[in-house]
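Enquirer: Supplied in structure tokens, the structure appears directly below.
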Amino acid sequence: MDFTLNQDQRELKAAARHYLSQSYPLTLIAELSDGVGADGQAWPELLRQGWLDPELELLELALLAEEGGRALHPVPWWVTVALALPVYQAAGLPLPGPATLADGSTGCQARQQATGWSLTGQVPSVSQAGSVTEIVLAASTPAGTALFAVEPDGAGVSLTERAGVDPLRITAGLRLVGAPARLLLDAPATGPVLAAIERRWQVLLACEAVGVADRVLELAVDYAKTRTQFGRPIGSFQAVAHQLADSYAAVELARSLAYRAACVLADEPDQAAEAIACAVHAGIRAAVSGCEVAMQVTGGLGVTWEYPLHRWYRRALSLQARAAAGPDPLEVIAGELFTPAAADRIEGALAPA
């Protein structure tokens with residue numbers, strides 16, 4: 001499988017990086033992170049930039065997710081594209097704006113009335129619920145789980161924001177009391193769509209983690225080039241250089257696995273479990289360990305509030321927590337390796353020619 005980026009994909013990645021670097025300097029990221037948590041005015045410009053063009057395929061979305069993680073993109077694009085957009089596409093409905101998705105199948109009941117559907121129940125945590133136009137909610141109906149849309153400021157809807165590790169992705173508890181809801185997908189159609197979304201968000205999460213790892217490596221390398229000790233840049237010492245080299249290798253491995261997962265999921269979705277698990281495991285590991293290495297390289301400066309490193313560390317930890325909501329990647333990989341068919345392939349590969 002060749003997942004080398006073509007010219008259009010390289011240009012898309014470069015354009016996204018340029019847009020994000022111009023729009024979200026570190027000072028603005030810090031201001032949003034310590035304040036409202038999201039840029040509520042950027043959605044129209046994001047549409048103009050083509051970040052939601054329908055012709056974008058999964059690999060192109062993966063590249064944008066990577067750049068979003070690198071810049072800590074403070075707009076609810078990730079939750080929209082990774083979670084909610086496939087529901088609207090399956091329903092044949094236009095995207096109303098930024099949207100998120102939550103599983104309320106065990107805590108929310110939908111009731112059909114003469115005037116339409118209404119929802120009652122609670123969901124403990126909904127990512128970026130206060131920053132979106134609609135919340136897509138899986139709720140139980142007499143026929144099974146169906147998908148509905150509610151407006152976060154609609155009648156019968158209340159949100160309680162919760163302090164989280166990543167202030168640029170504020171979560172909220174959702175409470176519904178007879179809230180009017182729009183049916184997007186009925187019970188028979190919901191299961192396959194949710195299954196596809198679970199694979200999709202894992203790939204885009206892995207790509208965002210790669211972006212986080214890449215940016216903190218850049219911060220650490222820049223610091224190691226300019227910070228001197230004993231008359232030499234600290235990057236010239238093996239204790240520093242070897243850590244940065246290990247981080248670089250982890251980023252490159254994670255990036256390759258993330259692109260591979262996007263290609264496999266797009267081309268052979270039934271065969272994508274192992275590729276996705278490898279991408280998630282490598283991406284999260286590169287992001288978290290990369291932040292921790294960067295903190296060691298930058299020393300006391302790296303753990304101050306003023307230095308931006310902690311904002312990427314928060315994103316890495318939040319991605320790690322979200323990944324834990326999916327299948328354990330190591331279990332998936334082990335399951336693929338230890339099947340009889342896999343054992344035959346390995347035995348054949350090791351057999352003398």
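Enquirer: Which of Ile276, Ile234, Ile197 moves most in a GNM of the chain, Cα contacts under 10 Å?
Expert: Ile234
Enquirer: Leaving ligands, DNA and RNA out of it, work out the accessible area of Met295 with a 1.4 Å probe and give it in Å² to the nearest 10.
Expert: Here the accessible area works out near 40 Å².
Enquirer: Once both axes come from the Cα atoms, what is the angle between helix 7-23 and the longest principal axis of the chain, in degrees from 0 to 90, rounded to 10?
Expert: Once rounded, the angle reads 90 degrees.
Enquirer: Now a separate question. With the other protein chains left in place, how much accessible area per residue, in square angstrom, belongs to the range 176-236 at a 1.4 angstrom probe?
Expert: With the other protein chains kept in place, the range 176-236 gives 43 Å² per residue.
Enquirer: To the nearest 0.05, what FRET efficiency results for Glu331 and Arg48 with a Förster distance of 45 Å applied to their C-beta separation?
Expert: After rounding to 0.05, the efficiency reads 0.60.
Enquirer: Moving on. Working from Cα positions, state the angle (0 to 90°, nearest 10) between the long axis of helix 273-298 and the longest principal axis of the chain.
Expert: Taking the Cα atoms of the chain, the angle to 273-298 is about 50 degrees.
Enquirer: Mind giving me the FRET efficiency for Ala249 and Phe3? R0 is 22 Å, r the Cβ-Cβ distance, nearest 0.05 is fine.
Expert: It comes out at approximately 0.75.
Enquirer: Also: Connecting C-alpha atoms closer than 10 Å in a GNM of the chain, tell me which of Val75, Val157, Val212 has the biggest fluctuation.
Expert: Of Val75, Val157, Val212, the Gaussian network model singles out Val157 as fluctuating most.
Enquirer: Further, regarding this structure: About its Cα centre, how strong a charge dipole does the chain have in debye, to the nearest 20, once Lys and Arg get +1 and Asp and Glu get -1 at the Cβ?
Expert: So the magnitude is around 820 debye.
Enquirer: Counting only the backbone N, which residues of the range 257-272 are under 17 Å from the spot 7 Å out from the Cα of Ala15 toward its beta-carbon?
Expert: Hits in the range 257-272 for Ala15 at 17 Å: none.
Enquirer: Another question, then. Measuring from label point to label point, each 7 Å out along Cα→Cβ, what is the His242 to Ala155 span in nm?
Expert: Computed distance between label sites His242 and Ala155 equals 6.8 nm.
Enquirer: Here is a follow-up. Tally Lys/Arg at +1 and Asp/Glu at -1 over every other residue whose Cβ is under 13 Å from the Cβ of Asp53; what's the total?
Expert: So the environment of Asp53 carries a net charge of -3.
Enquirer: A follow-up question, please. Need the full-extension length gain, Ala189 to Val303, defined as separation in residues times 0.36 nm minus the C-alpha distance. One decimal, nm.
Expert: The span from Ala189 to Val303 would gain 36.2 nm if fully extended.
Enquirer: In addition: With unit charges on the beta carbon (Lys/Arg positive, Asp/Glu negative), name the residue among Leu330, Ala213, Gln109 whose Cα is farthest towards the positive pole of the charge dipole of the chain.
Expert: Toward the positive end, the furthest listed residue is Ala213.
Enquirer: Next question, about the same structure. Rounding to the nearest 10 and keeping the result within 0 to 90°, find how far the Cα-based axis of helix 58-71 lies from the longest principal axis of the chain.
Expert: Long axis of 58-71 versus the principal axis of the chain: about 60 degrees.
Enquirer: Per-residue ellipticity at 222 nm for the chain, helices alone: DSSP H runs ≥ 4 residues times -39500 (n - 2.57), over residue total, nearest 500 deg cm²/dmol?
Expert: -17500 deg cm²/dmol
Enquirer: Mind checking which of Leu32, Leu265, Leu59 has the largest fluctuation in a GNM of the chain, springs on alpha carbons under 10 Å?
Expert: Looking only at Leu32, Leu265, Leu59, the largest GNM fluctuation is found for Leu32.
Enquirer: Need one number: nm distance between label points at Asp270 and Ala163, each 7 Å from Cα along Cα→Cβ, rounded to one decimal.
Expert: Those two pseudo-labels are separated by 5.0 nm.
Enquirer: Right, another one. Give the distance, in whole Å, between the Cα centre of the range 203-238 and the Cα centre of the range 257-307.
Expert: 15
Enquirer: Listed highest first by mean packing, meaning other Cβ atoms within 10 Å per residue, what order do 138-148, 12-22 come in?
Expert: With the highest mean Cβ count within 10 Å placed first, the list reads 138-148, 12-22.
The values are calculated or read from the model by the stated rules, or taken from the named source; none is laboratory data. Just so you know, these numbers come straight off a predicted model, no measurement behind them. Note: ideal-geometry Cβ built from the backbone for every residue, glycine included; neighbour counts use all protein chains shown. In case anyone asks, the SASA skips ligands and DNA or RNA and just uses the protein heavy atoms, side chains included. Shrake-Rupley method; radii C 1.70, N 1.55, O 1.52, S 1.80 Å.
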